[in-house]
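*Asks:* This structure is in structure tokens; I'll ask about it shortly.
The values are calculated or read from the model by the stated rules, or taken from the named source; none is laboratory data. Please read these numbers as outputs of a predicted model, since none were measured by experiment. With ideal geometry, Cβ positions are generated from the backbone for all residues, glycine too; neighbour counts draw on all protein chains shown. Surface accessibility is based on the protein's heavy atoms, side chains included, excluding ligands, DNA and RNA. Shrake-Rupley method; radii C 1.70, N 1.55, O 1.52, S 1.80 Å.
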Amino acid sequence: MRVIISAGGTGGHIYPAISIINKIKEESLDSEILYIGTTDRMERDIIPNLGIKYIGINASGMSHNVLKMAKFLKNTAVSYIKCRKIMKEFKPDIVIGVGGYVTAPVIYSAKKLGYKTFIHEQNSIPGLSNKFLSHYADKIGVSLPDSIDNFPES
């Protein structure tokens, strides 16, 4: 099984992604994992140190500040194009997003290319990325049962 997984920014997203990776490897010994994260947050060091193939993309969050919002729009557009290229080369069976703004261009490009998508929310209230991505995910998983009420049926 070929899997792209993306999560970033904090341990609250990264460590659940690592748990998912470990479960995939346990269930499918011949699985191939590619992790897409940011170029400047903690996952860029943690994931490669675990022996997991890693590609960084420039990603930033939305903001009410005009300059930061311009950076967000530019990074998102450039990252979307890069993610499309990565996916066409890697040809994943599924693309998984586990939270953080880095997941937005990853899941969105996967869906637009016709790949199966899954997002996981480990918090009681979903972040902006997972709220947005819920419309592009084939399936949504949650850690806390009540948090599913924040998403459309999937």
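*Asks:* What do you reckon, is Y101 open to solvent by 40 Å² or more (accessible area, probe 1.4 Å) and among the hydroxyl-bearing types (S, T, Y)?
*Replies:* Yes; evaluated as a whole, the condition is true for this residue.
*Asks:* Same structure, new question: What number of residues within the stretch 113-136 are in a loop (DSSP other than H, G, I, E, B) and either of a type in the set (S, T, N, Q) or in contact (Cβ under 8 Å) with a residue 24 or more places away in the chain (or both)?
*Replies:* Selection size over the stretch 113-136: 10.
*Asks:* Before we move on, is I107 in contact with a Phe, Trp or Tyr (Cβ under 9 Å, 6 or more places away or on another chain), within 18 Å of F72 (Cβ to Cβ), crowded, with 22+ Cβ neighbours inside 10 Å and touching a residue at least 12 places away in the same chain (Cβ under 8 Å)?
*Replies:* yes
*Asks:* Would you say Y54 is within 19 Å of G9 (Cβ to Cβ), at pLDDT 90 or above and open to solvent by 60 Å² or more (accessible area, probe 1.4 Å)?
*Replies:* No.
*Asks:* Listed residues K82, K74, K112, K91; which is open to solvent by 30 Å² or more (accessible area, probe 1.4 Å), at positive phi and modelled with pLDDT of 90 or more?
*Replies:* Result: K91 is the single residue among K82, K74, K112, K91 that is open to solvent by 30 Å² or more (accessible area, probe 1.4 Å), at positive phi and modelled with pLDDT of 90 or more.
*Asks:* Also: Scan the stretch 10-42 residue by residue and report those that are open to solvent by less than 10 Å² (accessible area, probe 1.4 Å) and either β-branched (V, I, T) or in contact (Cβ under 8 Å) with a residue 40 or more places away in the chain (or both).
*Replies:* Once the filter is applied, which keeps residues that are open to solvent by less than 10 Å² (accessible area, probe 1.4 Å) and either β-branched (V, I, T) or in contact (Cβ under 8 Å) with a residue 40 or more places away in the chain (or both), the stretch 10-42 yields I14, A17, I21, L34, I36, G37, T38.
*Asks:* Same structure again: Limited to the stretch 10-45, what total is found for residues that are at pLDDT 95 or above, more than 21 Å from T76 (Cβ to Cβ) and among the aliphatic types (A, V, I, L, M)?
*Replies:* 5
*Asks:* Right, here's the next one. Can you find, within the stretch 137-154, the residue that is nearest to I4 (Cα to Cα) among those that are open to solvent by 70 Å² or more (accessible area, probe 1.4 Å) and in a loop (DSSP other than H, G, I, E, B)?
*Replies:* S154
*Asks:* Shifting gears a bit: For the stretch 21-106, list the strands (runs of 3 or more DSSP E) that sit wholly inside it and hold at least 1 residues that are over 25 Å from S134 (Cβ atoms) and of a type in the set (D, E); which are they?
*Replies:* 32-38
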